[in-house]
Amino acid sequence: MEFAGNPEFTSDEIALGEALFKAPSVFVKGVAAMDGLPGDDTPEVAFAGRSNVGKSSLINALTSRKTLARVSITPGRTRELNFFTLGHDAGLYLVDMPGYGYAKAPKTTVRGWTQLIADYLKGRRELKRVFLLIDARHGIKPNDRETMKLMDVSAVSYQAVLTKADKPKTQELEAVLAKVSEELAKHPAAYPQILITSARTGAGIAELRATVAALAPNGVVRSGQAPV
Ligand code: GDP
């Protein structure tokens, strides 16, 4: 099923996205503290969202792999910034961020990774865009707002991606979409286009790939070139 509301892309843009994700993504490193971040000037895009929003499933759907980002048995298991390469040296990292808002973890652990997220969003020149994942049934939640605030303050460009869009009925989905759009319009760093995806049905995956590929023109941007 295709969802009305996904932005339109040309067949060339879709093809670029496909090409970028066709090549294997390779795990580079898991980063638990800011001083562990790669220092090779490669631009990166990051995926953020609440625990259980469907982030691992979406990244797996993007990269057509079952194991790249392991679907967590326990929500919030990923506590590091996980860096992956894209394409054949496409010069763009994909960063899988720790899910936030998982209350069952020990407080000190939560503080640790909340701080890591905040530090990363504040001070990372290489970060070209954050894809902020929002559950299509629930819309924007208070801890999403905190993350949005951080990104607004640091002028980190971010784009909302609705996940699990196969779950709500069309009318519910449209209502959530309208609300999310309305709220994003008030945020200076938010990208106005919203992507609507389902890892289960594959809806919106081609569009998301095309969006990422547009941040690595022709998939051949290499480190050392001017940032995109
Ligand atoms: P994460 O914690 O954000 O990485 O979320 P996961 O990818 O582990 O997914 C959390 C739960 O949502 C799992 O039970 C998934 O099977 C389910 N899920 C993820 N994506 C989708 C989707 O597109 N549609 C549906 N119906 N369920 C999904």
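The values are calculated or read from the model by the stated rules, or taken from the named source; none is laboratory data. Note that the coordinates shown come from a computational prediction; the quantities given were computed from them, not determined experimentally. Glycine gets a Cβ as well: all are built from the backbone with ideal geometry, and neighbour counts include every protein chain shown. Just so you know, the surface numbers come from the protein's heavy atoms only, side chains and all, with ligands and any DNA or RNA stripped out. Shrake-Rupley method; radii C 1.70, N 1.55, O 1.52, S 1.80 Å.
Can you pull out the residues in region 127-163 that are under 15 Å from the mean Cα position of the chain (by Cα) and more than 24 Å from Thr201 (Cα to Cα)?
Leu127, Lys128, Arg129, Asp144, Thr147, Met148, Met151, Val156, Ser157, Tyr158
Looking only at region 1-18, filter to residues that are in a helix (DSSP H, G or I) and in contact (Cβ under 8 Å) with a residue 40 or more places away in the chain; which one of those is most open to solvent (accessible area, probe 1.4 Å)?
Filtering region 1-18 for residues in a helix (DSSP H, G or I) gives 11-18.
Within this subset, residues satisfying the condition of being in contact (Cβ under 8 Å) with a residue 40 or more places away in the chain are 13-14, 16-18.
Numbers: Glu13: 77, Ile14: 42, Leu16: 67, Gly17: 0, Glu18: 100 Å².
Top of the filtered list is Glu18.
Filter region 23-69 for residues that are surrounded by fewer than 17 Cβ atoms within 10 Å (Cβ to Cβ) and basic (Lys, Arg); which is farthest from the ligand (Cβ to nearest atom)?
Among those residues, the one meeting the criterion is Lys29.
Note down all Cβ pairs under 7 Å where the first residue falls in region 19-32 and is more than 11 Å from Leu62 (Cα to Cα), the second is open to solvent by less than 70 Å² (accessible area, probe 1.4 Å) and modelled with pLDDT under 85, and they're at least six residues apart or on different chains.
Close Cβ pairs satisfying both conditions: Ala19/Gly219; Ala23/Gly87.
If you take the residues in region 130-149 that are in a helix (DSSP H, G or I) and open to solvent by 20 Å² or more (accessible area, probe 1.4 Å), which one is farthest from Ala216 (Cα to Cα)? Write out each step before concluding.
Kept after step one, since they are in a helix (DSSP H, G or I), are these residues of region 130-149: 142-149.
Retained after the next criterion (residues that are open to solvent by 20 Å² or more (accessible area, probe 1.4 Å)): 142-143, 145-146, 149.
Working: Pro142: 32, Asn143: 30, Arg145: 28, Glu146: 28, Lys149: 26 Å.
Across region 130-149, the extreme among qualifying residues is Pro142.
Condition first: within 20 Å of Leu215 (Cβ to Cβ) and without any contact (Cβ under 8 Å) to a residue 60 or more places away in the chain. Now tell me which residues in region 130-149 satisfy that.
Met148
Working carefully through the options Leu86, Leu177, find the one that is in contact (Cβ under 8 Å) with a residue 40 or more places away in the chain and more than 16 Å from the ligand (Cβ to nearest atom).
Numbers: Leu177 fails: more than 16 Å from the ligand (Cβ to nearest atom).
Only one candidate passes the filter, namely Leu86.
Taking region 196-211, which residues are open to solvent by 10 Å² or more (accessible area, probe 1.4 Å), of a type in the set (Gly, Ala, Ser) and either under 13 Å from the mean Cα position of the chain (by Cα) or within 11 Å of the ligand (Cβ to nearest atom) (or both)?
Ala199, Gly202
Give the number of residues within region 167-189 that are polar (S, T, N, Q) and open to solvent by less than 90 Å² (accessible area, probe 1.4 Å).
Filtering region 167-189 for residues polar (S, T, N, Q) gives 170-171, 181.
Then drop every residue that is not open to solvent by less than 90 Å² (accessible area, probe 1.4 Å), which leaves 170, 181.
Looking only at that region, the number is 2.
With the checklist (1) within 20 Å of Leu37 (Cα to Cα); (2) surrounded by 15 or more Cβ atoms within 10 Å (Cβ to Cβ); (3) away from the ligand (no atom under 16 Å from the Cβ) in hand, flag the one item Arg111 doesn't pass.
Checking Arg111 against (1) within 20 Å of Leu37 (Cα to Cα); (2) surrounded by 15 or more Cβ atoms within 10 Å (Cβ to Cβ); (3) away from the ligand (no atom under 16 Å from the Cβ), the one that fails is (2).
Looking at Leu127, Leu116, Leu92 in this structure, which one is touching a residue at least 24 places away in the same chain (Cβ under 8 Å), touching an Asp or Glu at 6+ places or on another chain (Cβ under 7 Å) and either over 27 Å from Asp41 (Cβ atoms) or surrounded by fewer than 23 Cβ atoms within 10 Å (Cβ to Cβ) (or both)? Working first, answer last.
Working: Leu116 fails: touching an Asp or Glu at 6+ places or on another chain (Cβ under 7 Å); Leu92 fails: either over 27 Å from Asp41 (Cβ atoms) or surrounded by fewer than 23 Cβ atoms within 10 Å (Cβ to Cβ) (or both).
The conditions single out Leu127.
Which one is surrounded by the fewest Cβ atoms within 10 Å (Cβ to Cβ), of the residues in region 150-166 that are among the hydroxyl-bearing types (Ser, Thr, Tyr) and under 24 Å from Ala210 (Cα atoms)? Full working, then the answer.
The first filter runs over region 150-166 and keeps only residues among the hydroxyl-bearing types (Ser, Thr, Tyr), leaving 154, 157-158, 163.
Then keep just the ones that are under 24 Å from Ala210 (Cα atoms); that gives 157-158, 163.
Details: Ser157: 15, Tyr158: 23, Thr163: 26.
Among those that are among the hydroxyl-bearing types (Ser, Thr, Tyr) and under 24 Å from Ala210 (Cα atoms), it is Ser157.
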